[in-house]
Structures are given as structure tokens and as C-alpha cells.
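The values are calculated or read from the model by the stated rules, or taken from the named source; none is laboratory data. Computed from a prediction, not measured in an experiment: that's the story for all the values here. We place every Cβ from the backbone using ideal geometry, glycine too, and count neighbours over all the protein chains shown. All accessible areas refer to the heavy atoms of the entire protein, side chains included, with ligands and DNA or RNA removed. Shrake-Rupley method; radii C 1.70, N 1.55, O 1.52, S 1.80 Å.
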Amino acid sequence: MLFMGGRSKQFNPRSIQAGSRRQKSSDFWHHVLPWLYGAILIAVLALGAVVYWPVLQKHQRLQNENAELTEKIEEQQLLTLKNREELYSLQDDPLYIERMARDVLNYGRKGETIYKFPSYDDRSPVREREPVKTSQ
């Protein structure tokens with residue numbers, strides 16, 4: 001026995017199952033812990049979704065509002081550019097000034113006869129005036 005380094009062939013301590021109950025309980029936790037970790041992970045994700053859902057909705061609403069305002073800004077910039085060009089034309093272009101005087105102010109030169117036709121945009125039918133009733 002001394003030659004075996006104190007190990008006996010007849011007694012093997014590894015062959016003894018120390019506490020078979022402990023192994024069954026460790027098997028139980030070995031199977032339950034992954035499910036428990038998964039449930040905790042799902043609960044944390046659900047809590048995060050509940051907490052951050054309003055924040056995500058607000059972010060989406062603000063992005064939509066930002067896009068609308070950007071579009072309005074671009075429209076206003078185009079209108080400003082158009083008005084600026086018209087202003088420069090009114091200040092510097094004599095032909096444009098004459099055209100505006102004729103079209104908008106209904107001015108004409110001496111001896112000119114001006115005929116005014118309804119525009120094509122005005123599609124309403126021409127209504128005749130009803131006779132005015134006078135009391136006698």
C-alpha cells in the first residue's frame with residue numbers, strides 16, 4: 001500500500017456518491033436557471049420597451065414636425081427669392097414697370113383703347129344683374 005502512494009485499490013473515494021440528494025437538486029437548478037435567466041431578460045426588455053416607447057413616439061413626432069417645418073422654410077425662401085426678384089425688377093426694369101402699370105393699374109398711353117378680357121382662371125359663369133326694383 002505504501003507503494004501506491006497511499007492509494008488503495010479496494011477503497012476508491014471517488015466511487016462513493018456523496019449526497020445523491022445534492023446532485024438531484026443541482027440537476028434541478030441546472031435546468032431551471034437558464035429559463036429563469038431568460039425570463040429575467042424578457043422582463044427587463046419588456047420594462048425597457050414600456051419605459052422608452054413614449055420617448056420613441058415623441059422622437060418620431062418631432063422628426064415629422066421638423067420635416068414639415070423644413071418644407072415650410074424652403075417654401076418661404078422661394079417666396080422671398082421671387083419677391084426680391086420682383087422688387088429688383090420694379091426698381092431697375094422699365095419694361096417690367098410698364099407691364100405692371102398696364103396689367104395691374106389699368107393705365108394706358110394717350111389714344112390707346114384698352115380691352116379687358118376675363119382671365120382663363122376665372123371659370124365662373126357670367127351672371128347678369130338682376131333688375132333693380134323701384135317702388136313707386
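A Förster distance of 41 Å, applied to the separation of the beta-carbon atoms of Trp35 and Leu56, puts the FRET efficiency at 0.90.
For the range 29-123, the C-alpha radius of gyration sits at 2.66 times the compact-globule guess of 2.2 N^0.38 Å, with N the residue count.
Of the whole protein surface, Glu112 contributes about 80 Å² of accessible area at a 1.4 Å probe radius.
Taking only protein heavy atoms into account and a 1.4 Å probe, give the accessible area per residue of the range 22-117 in Å².
Numbers: 9290 Å² over 96 residues.
Per-residue accessible area for the range 22-117 comes out at 97 Å².
For Asn106 and Thr80, FRET efficiency with R0 = 25 Å and r from the beta-carbon atoms, rounded to 0.05? For Thr80 and Asn106, the calculated efficiency is 0.30.
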